[in-house]
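The block underneath contains the structure these notes are about, expressed in structure tokens.
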Amino acid sequence: MENLNNMENVFVLNHPLIQHKISLLRDENTGTSEFRKLIEEIAMLMGYEALSDLPMEDVEVKTPIETCMTPMIAGKKLAIVPILRAGLGMVSGIQALVPTAKIGHIGLYRDPVTHEPHEYYCKLPEPIEQRTIVVVDPMLATGGSAAEAVDFIKQRGGVNIKFMCIIAAPEGVKRLREAHPDIQIYIGHLDRCLNDHAYICPGLGDAGDRIFGTK
Ligand code: PRP
Ligand code: URA
């Protein structure tokens, strides 16, 4: 895990397994079923790294030999919050690591002309202010959707927020970081730029369509 250009709170997860799987994701010949599986696996690998700072506490456990104090994750359970639709594909990978995590949902779609996000749904697990919140979306393009999702969570009391994406454009990282400098941003791969339709280059196309087999 590497700090992006020494930017505080922005990390690129340049592990070989993550990079290899992202290359397979990009391939236009990767079909829906393999694409979905890769998104899940990458989310799990990224989650392992991004959750390495979860708070711990020592608890008493009786082994078959003796009683000891041993570390466990402290505090309220994690909240995983996918941005619909494509973020849904990342949930199961993180849930495999933390099966007791609660799941919230934020529904946003990008206007095809303005590329600005529009909200259609928001439901978060309570008490949201006491949870570590991991917002997931495979794509950080202009950053509008991610910035708005984090706005909603903060308006509802969320404080400790991480954002995890598989592919990011520099434009999106800049916008999200400027809007929310306090959150941690975890990126699988930082791509070159956006094209005229605000798609990430080289990217992987439309993540939602490739996960759900639409279009
Ligand atoms: C995609 C993607 C992000 C958003 C990124 O979703 O999953 O949510 O675009 O773009 P941005 O950074 O410019 O906001 P989309 O709006 O296409 O909806 P979908 O997941 O339902 O396909
Ligand atoms: N949303 C996607 O799914 N892909 C992009 O490249 C940009 C936004």
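What the table below lists for this structure:
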read-out	value
Checklist (1) in contact with a Leu (Cβ under 9 Å, 6 or more places away or on another chain); (2) surrounded by 13 or more Cβ atoms within 10 Å (Cβ to Cβ) applied to ASN14, failing item	(1)
Selection count where residues are within 24 Å of ALA79 (Cβ to Cβ) and either of a type in the set (S, T, N, Q) or touching a Gly at 6+ places or on another chain (Cβ under 6 Å) (or both), scope the stretch 48-68	2
Number of positions in the stretch 174-186 that are in contact with a helix residue (DSSP H, G or I) (Cβ under 7 Å, 6 or more places away or on another chain) and either farther than 24 Å from ILE161 by Cβ or not aromatic (Phe, Trp, Tyr) (or both)	6
Residue in the stretch 31-46 that is under 27 Å from ARG131 (Cβ atoms) and without any contact (Cβ under 8 Å) to a residue 24 or more places away in the chain present	no
Filtered residues of the stretch 53-99 (kept if touching a residue at least 12 places away in the same chain (Cβ under 8 Å), farther than 19 Å from GLY158 by Cα and assigned to a loop (DSSP other than H, G, I, E, B))	ARG85, ALA86, VAL98
Test: residue in the stretch 100-113 that is of a type in the set (D, E, K, R), more than 11 Å from ligand 2 (Cβ to nearest atom), at pLDDT 95 or above and surrounded by fewer than 21 Cβ atoms within 10 Å (Cβ to Cβ)	yes
Residue in the stretch 34-52 that is within 18 Å of the chain's Cα centre (by Cα), of a type outside the set (Gly, Ala, Ser), surrounded by fewer than 16 Cβ atoms within 10 Å (Cβ to Cβ) and not in a helix (DSSP H, G or I) present	no
Matching entry among PHE163, PHE152 (being buried (at least 23 other Cβ atoms within 10 Å of the Cβ) and more than 12 Å from ligand 2 (Cβ to nearest atom))	PHE163
Strands (runs of 3 or more DSSP E) completely within the stretch 104-215 that count 3 or more residues being farther than 22 Å from MET7 by Cα and touching a residue at least 24 places away in the same chain (Cβ under 8 Å)	105-110, 117-123
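The values are calculated or read from the model by the stated rules, or taken from the named source; none is laboratory data. Note that the structure is a prediction, hence the values are computed from the model and not measured. Every residue, glycine as well, gets a Cβ built from its backbone with ideal geometry; the counts of neighbours run over all protein chains shown.
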